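Read through the structure below, which is laid out as structure tokens, and then see the notes.
The values are calculated or read from the model by the stated rules, or taken from the named source; none is laboratory data. Note that the coordinates shown come from a computational prediction; the quantities given were computed from them, not determined experimentally. For neighbour counting, all protein chains shown are included, and Cβ atoms are generated from backbone atoms with ideal geometry for every residue, glycine included.
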Amino acid sequence: MEEMKNTSPRLTDETTMWKAWMGFNASHSAGAIFLGLVNIILAVEYFYVIENSFFLSLLTILTAFFYLWLGKKYWFSIPFTGIFIAVCCFIASPLVAFLT
């Protein structure tokens, strides 16, 4: 941790590896939380938007797969498992909507 606080990336001296690492973690967490919350709100209050938008469903699924890849490659089993469940739900939702 101390080495990260005292090391700057080659790109710039305006930050440290510690600050960059904290920022990357915060931004990825915020993005994952935002994706989930937007989809929960849409599913509860405006399901017709999800139901009628192939593009929105596709973007959500692709984004969720990206987070799943990040979880597998860089994180540990608990976030990976949660993201895997979310991906399954995001895939099942348009299928269920289409079949009903």
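With (1) touching a helix residue (DSSP H, G or I) at 6+ places or on another chain (Cβ under 9 Å); (2) modelled with pLDDT under 90; (3) aromatic (Phe, Trp, Tyr) as the list, and Phe24 as the residue in question, which single condition is left unmet?
Here Phe24 clears every test but (1).
Rundown of residues vs (1) without any contact (Cβ under 8 Å) to a residue 40 or more places away in the chain; (2) loosely packed, with under 15 Cβ neighbours inside 10 Å, yes/no style:
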site	(1), (2)
Val38	yes, yes
Ala43	no, yes
Tyr48	yes, yes
Phe55	yes, yes
Thr63	yes, no
Phe76	yes, yes
Phe80	yes, no
Ile83	no, no
Ala97	no, yes
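Which one is surrounded by the most Cβ atoms within 10 Å (Cβ to Cβ) among residues in region 1-36 that are polar (S, T, N, Q) and outside any helix (DSSP H, G or I)?
Among residues in region 1-36 that are polar (S, T, N, Q) and outside any helix (DSSP H, G or I), the one surrounded by the most Cβ atoms within 10 Å (Cβ to Cβ) is Thr16.
Give the residues of region 40-56 that are part of a helix (DSSP H, G or I), of a type outside the set (A, V, I, L, M) and modelled with pLDDT under 90, sorted by residue number.
Here is the first cut: in region 40-56, the residues part of a helix (DSSP H, G or I) are 40-45, 47-51, 54-56.
Of the ones still in play, those that are also of a type outside the set (A, V, I, L, M) are 45, 47-48, 51, 54-55.
Residues satisfying the conditions are Phe47, Tyr48, Glu51, Phe54.
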